[in-house]
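Below: the structure, in structure tokens.
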Amino acid sequence: MSQDSRPFKRARSVTDGAESSDATPHGDFKRSEEFWMPDGNIVLIAGETAFRVYRGLLALQSTVFADLFASSSPNAEESYEDCPLIRLTDSPHDLAHLLRVLLPTSRMLLQRREDDPQLSLHQISAIIRLTHKYHIEDLHGQALYVLQDAFGPRSLRKWEDDFCSALLSWDDAGPIAVVNIARLTDTPSLLPIALYECCNLGEILIDGRKGEDGTVEHLSPADLKRCVRARNEFAKEASALTSTIFNSGPSGDCTTLDLCTASLHSFLVQIMTDGSVADSAVLENWDYVVRRGARPRNNQGYCSACERELLARASRETERVWSRLPKIFDIEVPNWDS
Ligand SMILES: [Zn+2]
């Protein structure tokens, strides 16, 4: 669609769902290629992009839009071809993600198919933020469900086996966005896993997460502090786990006690010095490390009875740390690990 050269008249300005009396000087906005309906009857402006859409459809789905449109009175200064202009403070990328769901122009879903592509965290976080802001409750709940499918409460085993989601894909810095969404929407069940993943981000945690429009989001100072403190706690836990798993003697079923005692000792020295036990990944990798020290893979290793015993200890110990996650992060999470 070619760009219209006619300038838009002054647009009304809206901040966080509330109207502002500040009029924005008119300018040359570019039409959204995806959402410029020739018979649309309202023009939403986000950033430099104008979306010509249907006010009735949006008003039916959002009480905030309904109130906003009801209070807009189109006149020569604030309209484009008789459509009221409404300026929003949202990113045009975010608004497009919301409109794709509210006013689908290409793909309509009755039910998800197995081979459907995953939703991106950019899409889902935009939809959650804007459905929160514009009070679109049903869609808000659906989008939060997608996030909870990946980051919501579940057992440690399920998280270990399947920390991925058929519904959602995310980038390395994604957990930062998930923590911020949990705060925005008061959904504490998302916090333990998202904060734990933030603790494993290294420098990315400081650099923040870049959005589609180039803006960078960070954790709040309070949550950043939580992560720094938790890393210290995880380092202590990793040390305690290492000792409990590898320094509590051979299995009661072991038939090669002397050999396994020596094996356990030398393997403990090895993993303490070769970096196998990463402090911040205290919930992960223990099964892999335990198996690495067993006899089939390690000529000097411990027997299969000891391997089973060590795996059981690792499971008990990581379950213990898992159940402590809310306490470690100093957050309240109802029904965690229930
Ligand atoms: Zn043994």
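The values are calculated or read from the model by the stated rules, or taken from the named source; none is laboratory data. Predicted model only: the values in this text are computed from it and were never measured. Cβ: placed from backbone, ideal geometry, glycine included. Neighbour counts: every protein chain shown. All accessible areas refer to the heavy atoms of the entire protein, side chains included, with ligands and DNA or RNA removed. Shrake-Rupley method; radii C 1.70, N 1.55, O 1.52, S 1.80 Å.
Determine which single condition ILE245 fails, assuming it passes every other condition in (1) assigned to a helix (DSSP H, G or I); (2) within 23 Å of LEU195 (Cα to Cα). Against the list (1) assigned to a helix (DSSP H, G or I); (2) within 23 Å of LEU195 (Cα to Cα), ILE245 comes up short only on (2). Scanning region 33-52 for residues that are of a type in the set (A, V, I, L, M) and either buried (at least 21 other Cβ atoms within 10 Å of the Cβ) or not assigned by TED's automatic domain parsing to the domain that holds SER79 (or both) yields ILE42, VAL43, LEU44, ILE45, ALA46, ALA50.
Against the definition (within 18 Å of SER155 (Cα to Cα), without any contact (Cβ under 8 Å) to a residue 40 or more places away in the chain and of a type in the set (A, V, I, L, M, F, W, C)), how does LEU283 come out, yes or no? Criteria not met by LEU283. ARG100 meets the conditions (1) assigned to a helix (DSSP H, G or I); (2) farther than 18 Å from LEU168 by Cα; (3) at pLDDT 90 or above in every case but one. The failed one is (2). A single member of THR185, THR242 is under 21 Å from ASP149 (Cβ atoms), buried (at least 16 other Cβ atoms within 10 Å of the Cβ) and of a type in the set (Ser, Thr, Tyr), and it is THR185.
Checked against the criterion of being out of contact with any strand residue (DSSP E or B) (no Cβ under 6 Å at 6 or more places or on another chain) and open to solvent by less than 10 Å² (accessible area, probe 1.4 Å), region 201-219 has no qualifying residue. Every condition in (1) of a type in the set (Phe, Trp, Tyr); (2) open to solvent by 20 Å² or more (accessible area, probe 1.4 Å); (3) within 16 Å of the ligand (Cβ to nearest atom) holds for TYR288 except the one numbered (3).
The set of residues in region 248-275 that are within 8 Å of the ligand (Cβ to nearest atom), assigned to a helix (DSSP H, G or I), open to solvent by 70 Å² or more (accessible area, probe 1.4 Å) and in contact (Cβ under 8 Å) with a residue 24 or more places away in the chain contains only LEU259. In the set (1) away from the ligand (no atom under 16 Å from the Cβ); (2) not in a helix (DSSP H, G or I), ASN232 fails one condition alone, (2). Among the residues of region 150-201, the one identified as among the basic types (Lys, Arg) and at pLDDT 90 or above is ARG183. In summary, strands (runs of 3 or more DSSP E) completely within region 2-60 and bearing 2 or more residues that are modelled with pLDDT of 90 or more occur at 30-36, 42-46, 49-53.
Within region 276-297, the set of residues being among the β-branched types (Val, Ile, Thr) and in a helix (DSSP H, G or I) comprises VAL289, VAL290. Exactly one residue among GLU309, GLU332, GLU317 is away from the ligand (no atom under 16 Å from the Cβ) and either in a helix (DSSP H, G or I) or of a type in the set (Val, Ile, Thr) (or both), and that residue is GLU317. Residues in region 103-149 that are among the charged types (D, E, K, R) and at pLDDT 80 or above were compared, and the one that is least open to solvent (accessible area, probe 1.4 Å) is ASP116.
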